[in-house]
Amino acid sequence: METIQPLYDKQLKCLVCEYSFTSKKIRSRFVKVIAYDTDFCPTYNDEEGNALYYNIHVCPCCGFSSSDDFSKYFPPLTKEEIQTKISAHWIPHHFGDKRTIQDAISTYKLASYSAILKKEKHITTAGIFLRLAWLFRGKEDHEQEIRFLTIARQKYMDSYSTDDFKGTQVSEIRILYLIGELSRRISDVQTAVKYFSIVIEQQSKAVETTIIEMARERWQEIREQRDNNQDHELINS
């Protein structure tokens, strides 16, 4: 009897050049999340089952990179810009096999550039940058993690201000929480408190009560940190 492998080949067609190719995906039965960080970053049971590594599809022919969240619509002239700025410089490379964390980082960087040139929704681009930050967290590269958390937060703020998250799986309460939590992680405490407060104020009508509770916990942590800092200053004054 043949043993079922965690990875399988997904058949894809490039949205830009229409080249057909395969990209690895992990079968859901092999994906085991054992914990989540406060910004929803998953911790997997083992690296072999890290689904983050395989979210991005990279066309080996033209270099255009996307996730399942990308729309099939291209605004006028964006395909031409992608061909000029990505495809014309692309050295054929195949990311369709098993990936390392560095491979995954490379695919997300390609997808972020593709998304920007394509003028993809802010909410989609934000998710790419957030996952890039998570990958650097996995590498314990704090500087790069903060860099991409900062970009992701701005994209989430852009998404919220333009309402382009509506009709996606990301709810208003979730995006407000994420803006607050990413602000906290990049040490913008004032903005974090503002957005956590907005989330908590919606507790009477919110369906996602877990996110309300998470916002309350983060707000409490910030307040305790402030109190500890004040006590420390008094002791050393």
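Relative contact order of the chain, please, whole-number percent, based on alpha carbon pairs below 8 angstrom and at least 6 residues apart.
12 percent
Given the pairs K24/K109; K98/K166; K166/K194; K25/K118; K32/K79, which are separated by over 26 angstrom at their Cα positions?
Among K24/K109; K98/K166; K166/K194; K25/K118; K32/K79, the Cα-Cα distance tops 26 Å for K98/K166; K32/K79.
Find, among the trypsin sites (Lys or Arg not before Pro) in segment 1-60, those assigned to loop by DSSP (not H, G, I, E, B) with at most 14 other beta-carbon atoms within 10 angstrom.
Listed in order of number, the matching sites are R27, K32.
With the alpha-carbon atoms as the only input, what is the per residue convex hull volume for segment 47-127 in Å³?
Looking at segment 47-127, the number lands at 86 Å³ per residue.
May I ask you to list the trypsin sites (Lys or Arg not before Pro) in segment 144-237 that are in a DSSP loop and have at most 10 other Cβ atoms within 10 Å of their Cβ?
K205
Principal axis extents for the chain, Cα atoms only, whole Å, descending order, please.
For the chain, the Cα extents along the three principal axes come out at 64, 50, 40 Å.
Taking every pair of distinct Cα atoms and averaging 1/r, then inverting, what Kirkwood hydrodynamic radius in Å comes out for segment 109-237?
15.7 Å
Out of the GluC sites (Glu not before Pro) in segment 85-165, which ones are loop residues according to DSSP with at most 10 other C-beta atoms within 10 Å?
Sites meeting the loop and neighbour criteria: E140.
Values quoted throughout were computed directly from the atomic coordinates according to the rules given, and no laboratory measurement underlies them. All figures in this text were calculated on a predicted structure; none of them were measured in a lab. For neighbour counting, all protein chains shown are included, and Cβ atoms are generated from backbone atoms with ideal geometry for every residue, glycine included.
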